[in-house]
Each structure stands twice: as structure tokens, then as C-alpha cells.
1. Condition first: among the acidic types (Asp, Glu) and either outside any loop (DSSP other than H, G, I, E, B) or in contact with a strand residue (DSSP E or B) (Cβ under 7 Å, 6 or more places away or on another chain) (or both). Now tell me which residues in the range 31-70 satisfy that.
2. Under the condition of being touching a Cys at 6+ places or on another chain (Cβ under 9 Å), of a type outside the set (S, T, N, Q) and without any contact (Cβ under 8 Å) to a residue 24 or more places away in the chain, which residue from the range 114-134 is nearest to His84 (Cα to Cα)?
3. Could you check how many residues of the range 97-123 are under 18 Å from Met58 (Cβ atoms) and part of a strand (DSSP E or B)?
4. Can you pull out every residue in the range 135-149 that is touching a residue at least 60 places away in the same chain (Cβ under 8 Å), out of contact with any Cys (no Cβ under 8 Å at 6 or more places or on another chain) and assigned to a strand (DSSP E or B)?
5. Take the residues of the range 66-93 that are within 21 Å of Lys136 (Cβ to Cβ) and among the hydrophobic types (A, V, I, L, M, F, W, C): which is most open to solvent (accessible area, probe 1.4 Å)?
Amino acid sequence: MKRTMRKVAAIAAAAAAAPILFTATAQADPGTVYFSVGSFNCAIFGDGTTGCDFAYPMRIQYSNVPFTFFASEMVIDQPWLPAHPTFDPGTPYTLPGGNPSLDSVKTGQGQWGPYIEHAGAKCEIGFHGSFNCTTKGRAFGSYGGIVSA
């Protein structure tokens, strides 16, 4: 009887300690996921920062700016800042040799195509081949050769 009680007590103690033991694992950086969609090579980092390198400079359009301009990458890295182009040397969102297709890393299938959700960010293929990413309360998307933010 004492042996059974010790086992029950040990199991109960382990069950009570499990949430504390695994807290550090749950809060660990989940890493970076790389993927490609058409001519975009993108990455979602463990903190939700999401960015894409474009194979060629694309027209960037903001709804409150009366002109467009060209850039080779777009990122959402701050919740207080809209999606914006960056002008890094090189291609910070592309792995050497290129990123795997979104189809090979997708976490789900939406109405129009695959999507990936990681670290609070979501990127998806939409209607008529559009592509959109949202994170940190911000978004950018591409349709018809123009990137809008």
C-alpha cells in the first residue's frame, strides 16, 4: 500500500511540475521559416517579423501616398510602423540556393491556395494569385505586379 501511495504521489508531483518545467520551452524562439511564392523569397522570424525579397524591383504603392516607387524587398518589423521597403545589401530573406516553395512548408490550405502561419504571422496565396502577409497588426500584399501596404 505504501509503495502504491509513493507512486501516486510521484505521478502527482510530476504532473504539477510539468507546466513549470516546460515554460521555458514554450517561450523559446520558434525559429525562422523560409519559403517562396512566385518571384518572392520570404522569411517569417521567431518574433513575427516578416519580410520578402523580390526577384526584381517591384512598384510599391501606399494608399495615402500619391506616387509609386520601386524596391527589392518589403518587411513588417515594428507594430507602430507600416510595412516598408528596406534597402539592405544582399537578400536577407533568402537562403543560399533559394527558399523552398510555400507548398512544402504550408500549415494550411485556404480558399484560394496554401498559407503559412508562424510566430503570429500569416502569409497566404489569395484570389487570382495575389499574395498577402500580415503580422504585428500590419500587412502588405501583391497583385498584378504592384506591392501595396
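The values are calculated or read from the model by the stated rules, or taken from the named source; none is laboratory data. Fair warning: this is a prediction, and the values are worked out from it, not measured in the lab. Glycine gets a Cβ as well: all are built from the backbone with ideal geometry, and neighbour counts include every protein chain shown. What goes into the accessible areas is simple: the full protein's heavy atoms, side chains included, and nothing from ligands, DNA or RNA. Shrake-Rupley method; radii C 1.70, N 1.55, O 1.52, S 1.80 Å.
1. Kept after step one, since they are among the acidic types (Asp, Glu), are these residues of the range 31-70: 47, 53.
Matches in the range 31-70: Asp53 only.
2. Initially, the range 114-134 is screened for residues touching a Cys at 6+ places or on another chain (Cβ under 9 Å), giving 115-117, 121-124, 131-134.
Of the ones still in play, those that are also of a type outside the set (S, T, N, Q) are 115-117, 121-124, 131, 133.
Among the residues that remain, those that are also without any contact (Cβ under 8 Å) to a residue 24 or more places away in the chain are: 115, 117, 122, 124.
On the way: Tyr115: 22, Glu117: 21, Lys122: 17, Glu124: 19 Å.
Selected residue: Lys122.
3. 1
4. Of all residues in the range 135-149, those touching a residue at least 60 places away in the same chain (Cβ under 8 Å) come to 135-136, 138-140, 142, 145-149.
Of the ones still in play, those that are also out of contact with any Cys (no Cβ under 8 Å at 6 or more places or on another chain) are 135-136, 138, 142, 145-149.
Of everything in the range 135-149, those that are touching a residue at least 60 places away in the same chain (Cβ under 8 Å), out of contact with any Cys (no Cβ under 8 Å at 6 or more places or on another chain) and assigned to a strand (DSSP E or B) turn out to be Thr135, Arg138, Ser142, Ile146, Val147, Ser148.
5. Of everything passing the filter in the range 66-93, Trp80 is most open to solvent (accessible area, probe 1.4 Å).
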